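The values are calculated or read from the model by the stated rules, or taken from the named source; none is laboratory data. These numbers were taken from a predicted model, which means no experiment stands behind them. With ideal geometry, Cβ positions are generated from the backbone for all residues, glycine too; neighbour counts draw on all protein chains shown. In case anyone asks, the SASA skips ligands and DNA or RNA and just uses the protein heavy atoms, side chains included. Shrake-Rupley method; radii C 1.70, N 1.55, O 1.52, S 1.80 Å.
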Amino acid sequence: QAAVMREAEKLVEAGVRELLVISQDTSAYGTDWKDRESKAPILDLARDLGSLDAWVRLHYVYPYPHVRDLIPVMAESEAKGGGVLPYLDIPFQHSHPETLKRMARPAAAAKTLEEIVAWRAACPDLVLRSTFIVGYPGETEAEFQHLLDWLDEAQLDRVGCFQYENVAGARANALPDHVPAEIKEVRWHR
């Protein structure tokens with residue numbers, strides 16, 4: 001954490017006004033450290049970065065339970081006019097439990113909706129952004145409709161969407177029931 005703070009401090013001293021914290025799973029920052037003092041080191045890092053004279057934006061935060069403790073840090077920063085912005089970029093990717101299972105992702109979309117409500121209650125100006133995949137192998141019309149309904153309920157502020165494509169070496173290439181290109185296209189537009 002000291003190295004991250006040194007780099008952030010140097011950037012702010014050089015005139016940088018916004019720091020983007022980006023990793024594959026920012027909410028898991030530091031959880032692999034042996035003998036760590038904090039259960040969720042991202043909370044300490046966010047507080048420390050929030051003390052600098054710059055905006056801090058967190059990308060690729062998964063909705064783990066400890067993220068609930070990050071929201072008040074954002075609300076406090078917002079009240080001060082800077083620090084950790086009330087913004088979370090969360091890679092949900094889909095909402096249907098079976099689709100998420102095929103993606104090897106946590107399948108707790110209903111619980112996530114409850115978390116979103118709690119986050120917004122604690123920080124009403126919270127902005128949520130995510131990206132979703134349509135046409136993942138095996139995605140049925142019912143699973144896709146589940147995603148649309150989930151999005152309608154979640155009311156995310158910014159949403160990106162892309163069509164599934166095979167990628168060299170990906171496990172998903174071997175999954176059965178690939179969705180035809182024309183159906184992926186229609187779902188992407190919907």
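Please state the shape class of the range 57-101: rounded when a/c is under 1.5, otherwise prolate if a/b exceeds b/c and oblate if not, all from the C-alpha gyration tensor. Prolate is the answer for the range 57-101, as a/c is 1.5 or above and a/b outweighs b/c.
Rounded to the nearest 10 degrees, the angle from helix 141-154 to the longest Cα principal axis of the chain is 30 degrees. Note on the chain: with a GNM built from Cα contacts shorter than 10 Å, the maximum mean-square fluctuation among Ala110, Ala122, Ala79 falls on Ala79. Explain nothing, just the number: relative contact order of the chain, from Cα pairs under 8 Å at least 6 residues apart, as a whole percent. Rounded, it is 16 percent for the chain.
In this Cβ point-charge picture (+1 for Lys and Arg, -1 for Asp and Glu), the chain has a dipole of about 240 debye about its Cα centre. How much of the accessible area of the chain, probe 1.4 Å, is carbon plus sulfur, in whole percent? Reported share for carbon and sulfur atoms: 53 percent.
Applying 1/(1 + (r/R0)^6) with R0 = 30 Å to the Cβ-Cβ distance of Asp149 and Ile22 gives a FRET efficiency near 0.50.
The Kirkwood radius of the chain, taken over pairs of alpha-carbon atoms, gives through the Stokes-Einstein law at 20 °C and 1.002 mPa s a diffusion coefficient of 118 µm² s⁻¹. A straight line joining the Cα centroids of the range 159-184 and the range 1-77 runs 33 Å.
Averaged per residue, the range 16-144 has 48 square angstrom of accessible surface, using a 1.4 angstrom probe with ligands and nucleic acids left out.
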